[in-house]
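Colleague: This is the structure I have questions about; it appears just below.
Only the coordinates and a few stated rules stand behind these numbers; no lab work does. Treat the numbers as computed from the prediction; the structure is a model and nothing was measured. Cβ placement follows ideal geometry from the backbone for every residue including glycine, while neighbour counts extend to all protein chains displayed.
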Amino acid sequence: MSGLDKSTPVPTEIKLHQVSRKMEIAFNNGTRFELPYEFLRVYSPSAEVRGHGPGQEVLQIGKKNIEITQLEPVGTYAVQPVFSDGHDTGIYSWDYLYGLGMHQDEMWQHYLQRMAEAVASREPVPGAFQERPKSK
C-alpha cells in the first residue's frame, strides 16, 4: 500500500523551522503550507491519537511548545516525525499532509473547541515533555 492518491501533489521541499516551530512544505502544484508542530502533533495519524475508530480520538493536551527533533522519510510517500515528547508513531503521507494544509483553519478551530469543552490547556504540563520509555 503506497498511501498515496495518484492526484495528490508531491512535496518538492520540506523545511523544519525550529524557532517558529513550523514545518514548511511546498508541493509540485505550487501550493505551500506552514504547519505548526503543535497542529501536526495533535492531528497525528497514529492510532495512539486517532484511536481505532470514530469517536475514539484521544485529545492531545499541553502540546503548545512541542518540537520536532527528527524527520524520517518513509519510502517515497510519507515522513515520520519524532516529537520532543517522544511521540514517533505517526506516518504522515503526502496526501495527509496536503489535507492538513488545505483544512488547517477549520481543523485548528475544531481542536480549540474540543480543548475548551474539555477545559484543557495547550500549555505544557510540568514534566510532560520528559521522554517516555519506548514500547518494545
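Colleague: With only Lys, Arg, Asp and Glu charged, each at its Cβ (+1 for the first two, -1 for the last two), find how big the charge dipole of the chain is about the Cα centre; round to the nearest 20 debye. Mind showing how you got there, number by number?
Modeller: Values: 14 positive and 17 negative charges, 40 e Å.
Dipole about the Cα centre, nearest 20: 200 debye.
Colleague: List the relative contact order of the range 11-117 as a percent without decimals, with contacts defined as Cα pairs under 8 Å and 6+ residues apart.
Modeller: Computed value for the range 11-117: 19 percent relative contact order.
Colleague: On C-alpha positions alone, give me the angle between the axis of helix 104-117 and the longest principal axis of the chain, in degrees, nearest 10.
Modeller: The angle comes out at about 10 degrees.
Colleague: Something else about it: Could you work out how much longer the chain between residue 52 and residue 29 gets when fully extended? Use 0.36 nm per residue separation minus the Cα distance between them, nm to one decimal. Before the final figure, lay out each step's value.
Modeller: Numbers: separation 23, 0.36 × 23 = 8.28 nm, distance 3.29 nm.
Length gained, residue 52 through residue 29: 5.0 nm.
Colleague: Sort 115, 102, 23 so the one with the fewest other Cβ atoms within 10 Å of its own Cβ comes first. Provide the component values of the computation, followed by the final result.
Modeller: Values: 115 16, 102 12, 23 23.
Ranked by crowding around the Cβ, least crowded first: 102, 115, 23.
Colleague: How much net charge surrounds residue 64 when only the other residues with a Cβ under 12 Å from the Cβ of residue 64 are counted, with Lys and Arg +1 and Asp and Glu -1?
Modeller: On the way: positive: 21, 41, 63, 122; negative: 38, 67, 85, 123.
Charge balance in the 12 Å sphere: 0.
Colleague: While we're on this one: Only counting other Cβ atoms within 10 Å, I'd like 63, 15, 22 sorted with the fewest neighbours first.
Modeller: On the way: 63 26, 15 11, 22 19.
Ascending number of Cβ neighbours within 10 Å: 15, 22, 63.
Colleague: Could you name the aspartates and glutamates in cross-link range of residue 22, using Cα to Cα under 13 Å and dropping any fewer than eight places away on the same chain?
Modeller: Within reach: 34, 38, 67.
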